[in-house]
Structures are given as structure tokens and as C-alpha cells.
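The values are calculated or read from the model by the stated rules, or taken from the named source; none is laboratory data. Predicted model only: the values in this text are computed from it and were never measured. Cβ sites come from the backbone with ideal geometry, for glycine too, and all protein chains shown count toward neighbours. Heavy atoms of the whole protein, side chains included, go into the accessibility calculation; ligands, DNA and RNA do not. Shrake-Rupley method; radii C 1.70, N 1.55, O 1.52, S 1.80 Å.
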Amino acid sequence: MKKIIVSSLFLIFLCITGIVGMSLFNKMMTNKFDNAEPKEYAIEKAKNNDELKEIIGNNIVIEKNSDKQKKKGSFTFSLGGNGLNINQNSVDLKIGLIGEKGSAILNVVAFKENSKWIYKNIYVTIPNSNKKIKLLNNKKI
């Protein structure tokens, strides 16, 4: 009887540890997207675009907790002397933006080649009018 109780407690502990571990890993990967260089670059391009500022306003900020957000990408994992290294190889992001006049969705598609980000596409869509504003003409940064 004691063996069954100890085994059950061990399985419960193992499940809880796995759930907490997966939750922490998910949070770490989400932070990688939030701090991604392509995201910061695209937001800066959007904030400096005169046409977008005319439509949604000058004070453009990221819309928090929006259903418009999408975060996809690929990572490589390597284990070295410094521990686990996670390198981002590509991103496909949709970021909700909001200004004092309206809102927009910033779309970013980029991949890393030889440690440099190559932007495949950066554009903003205005949901109310289905207008699309290109912010980049395919170039290496």
C-alpha cells in the first residue's frame, strides 16, 4: 500500500514539474519574440512613417493583449560552455498598433542569414479600410 502511495506522489510531482517547466520554457520563448531585433526595427519604421501617422495618429504604441498578435518563428538550440543557447533564425509577427486616431496591424517577416537579419516584408494594414502601407523594399540590414 505504501508503494502505491509513494509511486502516486512521485507521478504527481513529476507531472507538476513538467507543467511548470513547460510553462517557463513557453515564457522564455515568448520573451525572445518580444525582444527580437526585427520587431524593434519594424516598430521604429512604423512610428516614422508619415502616411501611417496621418491615418492612426502620431503617438503610436503597441496594443497590449490583442487578438491581432501573432508570433511565429524558428530557433536553433545548442549546448555549449555557457549552457543552453537559443538563437532565433526567423520571425513571422503580427503586432497590433494603436494611435489616437485609430489602429493598425504591423506585419513582419524576416530571417537570419550569416548573423544578419534579412527582411522579407514589413507592412502595415489598416483594418477599417483594408489599406496596406509597405514600410520596406526588400533590403539587407
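Go through the stretch 110-141 and count every residue that is aliphatic (A, V, I, L, M) and surrounded by fewer than 19 Cβ atoms within 10 Å (Cβ to Cβ). The number of residues fulfilling the criteria is 5. Based on this model, can you work out whether N65 counts as out of contact with any helix residue (DSSP H, G or I) (no Cβ under 7 Å at 6 or more places or on another chain), of a type in the set (S, T, N, Q), open to solvent by 50 Å² or more (accessible area, probe 1.4 Å) and modelled with pLDDT of 80 or more? Spelling it out, it is not the case that N65 is out of contact with any helix residue (DSSP H, G or I) (no Cβ under 7 Å at 6 or more places or on another chain), of a type in the set (S, T, N, Q), open to solvent by 50 Å² or more (accessible area, probe 1.4 Å) and modelled with pLDDT of 80 or more.
Filtering the stretch 121-137 to residues that are within 19 Å of the chain's Cα centre (by Cα) and modelled with pLDDT under 90 leaves only L136. The single condition from (1) more than 21 Å from Y119 (Cβ to Cβ); (2) modelled with pLDDT under 90 that S74 fails is (1).
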